1. Which condition number in (1) in a helix (DSSP H, G or I); (2) surrounded by fewer than 22 Cβ atoms within 10 Å (Cβ to Cβ); (3) of a type outside the set (Gly, Ala, Ser); (4) in contact (Cβ under 8 Å) with a residue 60 or more places away in the chain is the one that ASN204 fails?
2. The conditions are (1) surrounded by fewer than 23 Cβ atoms within 10 Å (Cβ to Cβ); (2) touching a residue at least 12 places away in the same chain (Cβ under 8 Å); (3) closer than 26 Å to ILE189 by Cβ, and MET47 fails exactly one of them. Which is it?
3. Please determine, by comparing only the residues of region 168-201 that are of a type outside the set (A, V, I, L, M, F, W, C) and part of a helix (DSSP H, G or I), which one is surrounded by the most Cβ atoms within 10 Å (Cβ to Cβ).
4. With the structure loaded, tell me whether LYS246 is surrounded by fewer than 23 Cβ atoms within 10 Å (Cβ to Cβ) and farther than 27 Å from PHE156 by Cβ or whether it fails that test.
5. Scan (1) modelled with pLDDT of 90 or more; (2) within 16 Å of SER370 (Cα to Cα) for the single condition PHE91 breaks and write down its number.
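The values are calculated or read from the model by the stated rules, or taken from the named source; none is laboratory data. Since the model is a prediction, treat every value here as computed from it, not as a measurement. Ideal geometry is used to build each Cβ from the backbone, glycine not excepted, and the neighbour counts take in all protein chains shown.
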Amino acid sequence: MANIKNVTKEDQTSAARFKRLAWLMLLSFGFTYLFFYNGRQNINLVMTQMAEELGSTTTALGVVSSALFWCYAFGQLINGRLGAFFGYKRFMIIGVVSSAALNVIISFQHSIPVIAILWGLNGFFQSMVWSNGLGVVNKWWPKKKRGFATGLATFFSGMAQVVTYLTILFCLEWNPEWGWRAAFRYPMIPMLLMLIAFFFFFHNSPKSVGLADLEEEDDERDVSLEKEIQKKGYLYPYKMLFSEPKVLVFCLISAIAGIGRYGLLTWVPTYFTEELGLTIKDGIFSSILLPFGQACAMFIFPIITDKFLKGKREPMLIIASLITFLGMIVFPFVKVQAVASVMLFVLGVFAMVTGVIWTIAGDIGGKAFSSTVIGVFDWAVYMGAAIQAVIFGFIKDTFGWPAIFIVIGSLYIIMLVLAILTRNMKTKRI
């Protein structure tokens with residue numbers, strides 16, 4: 001009996017340590033990402049200033065902004081696998097430090113082409129963090145709590161946009177003589193400081209700290225997949241994933257989500273200054289409800305799918321798509337700042353479906369290669385983001401502001417149809 005009690009006590013101690021480290025890992029990743037958008041979303045808030053000082057147009061700056069999205073997209077496609085190969089933690093730290101350095105370098109530039117090249121390179125380093133971080137989350141949090149863990153991580157991602165808005169506003173107010181360049185310097189400080197906690201509390205897996213890995217129903221599948229990857233090579237997961245119709249459909253859904261999310265984030269601040277005649281400061285205050293709404297959706301939607309939809313993710317996509325479509329059609333005809341700001345919050349909530357998509361990626365990939373599936377879906381998200389950055393400037397200049405929002409709304413109807421199609425789709429080889 002003594003032995004049984006001792007074993008039980010050891011098990012309880014290990015379980016308590018596992019839970020504590022799982023929380024520390026999740027929070028260290030979340031708080032690091034909370035300031036990571038300071039090196040990515042900052043350009044959207046100073047586009048008008050950059051265009052004026054550099055003698056360019058917002059359409060041209062939209063193309064510059066797209067350089068990050070293109071490089072981020074293709075970076076995500078490969079970095080989910082590279083992180084697993086080289087070590088998640090080390091890989092992610094390199095991404096944060098390199099992104100901060102490139103932002104500071106950009107702040108001293110005067111050439112649009114040079115800024116575009118550096119901004120694209122920044123996109124690649126930014127892509128080294130997200131899929132790898134969520135891949136590690138799936139190693140520490142079981143499937144039944146995956147919606148919560150993924151939702152909390154994506155909530156930090158959404159709030160990161162709010163933090164960026166406030167940080168840039170503070171920088172412009174504190175050091176106005178630097179103009180847009182301040183947005184590429186000061187915000188890098190908290191971004192780097194967060195790495196201190198990340199270094200101490202982020203662990204690649206339970207096994208890396210002497211704990212047993214999670215045991216779940218699909219462990220046998222994960223072990224089998226790991227063996228297949230080792231036998232068939234580094235690129236095998238891509239071959240497997242891109243042969244799955246369900247994965248391809250979710251790539252299309254992810255691309256539409258990227259157009260919706262970043263179409264609004266990229267152009268709404270400029271919309272408020274150009275169409276409603278607000279100052280940059282007032283435009284930022286009005287626009288901030290958009291990322292706040294997105295952050296709420298990132299946290300709440302995955303939990304709803306866990307608690308109330310019993311792990312079924314597609315119904316949430318269907319509901320969100322329909323409401324987003326209706327909101328997008330109405331929004332450009334609202335000319336009162338207060339009403340438009342409230343509508344932005346609602347649109348931010350329902351247009352933001354990537355939290356659900358990351359949960360689906362974890363369900364599909366399991367512990368074996370969820371970071372790769374997330375990387376593939378995030379590649380699709382940022383392909384959509386890159387496309388909108390290039391074409392929405394042209395659409396705005398040619399057809400006016402309402403056309404942007406109507407196009408986004410129409411795409412969400414397509415998402416709704418695709419989500420209905422995926423309800424009964426099964427993966428064959430995963």
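1. All conditions are met except number (1).
2. Failing condition for MET47: (1).
3. Top of the filtered list is ARG181.
4. So LYS246 fits the description; yes.
5. (2)
The rows are residues; the columns are (1) of a type in the set (Phe, Trp, Tyr); (2) modelled with pLDDT of 90 or more.
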residue: VAL349; (1), (2): no, yes
residue: SER370; (1), (2): no, no
residue: ALA386; (1), (2): no, no
residue: TYR412; (1), (2): yes, yes
residue: ALA419; (1), (2): no, yes
residue: ARG429; (1), (2): no, no
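Conditions tested, residue by residue: (1) at pLDDT 95 or above; (2) of a type outside the set (A, V, I, L, M, F, W, C).
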{"residue": "SER98", "(1), (2)": "yes, yes"}
{"residue": "SER111", "(1), (2)": "no, yes"}
{"residue": "SER127", "(1), (2)": "no, yes"}
{"residue": "PHE155", "(1), (2)": "no, no"}
